[in-house]
1. Scan region 45-59 for residues that are under 10 Å from the mean Cα position of the chain (by Cα) and open to solvent by less than 40 Å² (accessible area, probe 1.4 Å) and report the count.
2. Among the helices (runs of 4 or more DSSP H) contained in region 43-112, which hold 2 or more residues that are more than 21 Å from SER152 (Cβ to Cβ)?
3. Please work out which one of (1) farther than 17 Å from PRO48 by Cβ; (2) part of a helix (DSSP H, G or I); (3) at pLDDT below 95 is the condition ALA159 fails and give its number.
4. Restricting region 193-216 to residues that are free of Cβ contacts under 8 Å to residues at least 40 places away in the same chain and among the small types (Gly, Ala, Ser), which is nearest to PRO133 (Cα to Cα)?
5. Restrict the check to region 98-109 and report whether at least one residue is modelled with pLDDT under 95, farther than 26 Å from VAL42 by Cβ, open to solvent by 50 Å² or more (accessible area, probe 1.4 Å) and more than 16 Å from the chain's Cα centre (by Cα).
6. Which of the residues belonging to region 92-131 are more than 20 Å from GLY225 (Cβ to Cβ), of a type in the set (A, V, I, L, M, F, W, C) and either without any contact (Cβ under 8 Å) to a residue 60 or more places away in the chain or touching a helix residue (DSSP H, G or I) at 6+ places or on another chain (Cβ under 8 Å) (or both)?
7. What's the number of the only condition in (1) under 26 Å from GLU76 (Cβ atoms); (2) open to solvent by less than 20 Å² (accessible area, probe 1.4 Å) that GLU94 fails to meet?
8. Looking only at region 156-192, count every residue that is open to solvent by 50 Å² or more (accessible area, probe 1.4 Å), in contact (Cβ under 8 Å) with a residue 60 or more places away in the chain and more than 21 Å from the chain's Cα centre (by Cα) and tell me the total.
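The values are calculated or read from the model by the stated rules, or taken from the named source; none is laboratory data. Note that the structure is a prediction, hence the values are computed from the model and not measured. Every residue, glycine as well, gets a Cβ built from its backbone with ideal geometry; the counts of neighbours run over all protein chains shown. Accessible surface areas use protein heavy atoms only, side chains included; no ligands, DNA or RNA. Shrake-Rupley method; radii C 1.70, N 1.55, O 1.52, S 1.80 Å.
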Amino acid sequence: MLLISIHTLLRGALMVGGVSVVLAFSPLPVAAQERMPMRIAVEGAFPPFNYLDANNKLQGFDIDIANALCETGKFECQFIIEKWDDMIPDLIAEKYDAIISSMSMSLERRQKVAFTEKYYNSPSVFIARKDSPITDVSPAALNGKKLGVTSSTAQESYANHFYPDMKKTVFRSSPELYKGLSDGRVDIILEDKLAIYDWIANTKAGTCCAFKGPDLVDVTFFGEGAGIAVRLDDKERLARLNEALKTIKEDGTYDMINAKYFPFSIQ
């Protein structure tokens with residue numbers, strides 16, 4: 001696993017003044033608190049939310065949100081780049097303290113970890129090449145088509161449940177999923193809509209493809225948006241993160257980060 005000091009990454013981070021945080025046991029002004037150490041797991045392969053740039057530094061919406069929360073909540077932070085499949089097991093094993101990596105708050109995950117309030121919301125959607133004859137994305141209509149999904153995601157679980165008879169190719173990461181679609185290895189993919197928005201709207205490769213069918217919103221599989229995961233017994237950190245999240249939404253910091261990546265609100 002790769003450890004990256006937040007001070008190295010955040011020379012240009014957003015600076016927010018001290019605010020009050022209500023802790024689970026003894027409320028204290030944030031300014032009066034000692035900085036709480038926090039190791040943050042991110043995948044680093046999910047643009048525009050979290051990815052490594054040409055200089056091998058973490059960038060993206062998740063990273064900027066984490067930066068702001070670390071400053072506002074008085075956390076002393078480190079980023080740890082982690083494989084997606086290992087994130088929840090290694091959080092429980094105390095290899096890090098929080099996951100800020102666009103993790104949807106599904107019912108299955110809520111049984112294993114605690115989540116903050118949501119920090120963004122996004123439906124899932126099917127995507128196919130523009131020259132594809134696919135218009136209907138019902139299970140019956142897609143029978144015989146090849147479906148692509150990313151490993152250990154809510155989209156994979158959804159597809160396995162509602163499209164059990166489809167031939168599926170499971171990719172290790174979102175960039176590999178998108179390439180599989182553009183290269184024709186699969187006929188259609190199921191992905192988080194905001195995650196793939198940048199690829200479709202702002203990359204040459206993404207011009208091949210378009211959304212198909214309606215937005216998919218299912219609390220059982222996709223949860224109620226993306227949240228920050230912590231261990232079930234880490235109540236102080238959870239309260240502190242929630243208060244910091246509330247603050248950056250109220251003081252305009254969240255909106256500035258949102259506007260950097262999307263021309264519309266994702267709250």
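1. Matching residues across region 45-59 total 4.
2. Result: 61-72.
3. Here ALA159 meets the rest and fails (3).
4. Among those residues, the one meeting the criterion is GLY206.
5. Within region 98-109, none of the residues are modelled with pLDDT under 95, farther than 26 Å from VAL42 by Cβ, open to solvent by 50 Å² or more (accessible area, probe 1.4 Å) and more than 16 Å from the chain's Cα centre (by Cα).
6. Those that are more than 20 Å from GLY225 (Cβ to Cβ), of a type in the set (A, V, I, L, M, F, W, C) and either without any contact (Cβ under 8 Å) to a residue 60 or more places away in the chain or touching a helix residue (DSSP H, G or I) at 6+ places or on another chain (Cβ under 8 Å) (or both): ALA93, ILE127, ALA128.
7. Result: GLU94 passes all but (2).
8. Adding up the residues that qualify gives 1.
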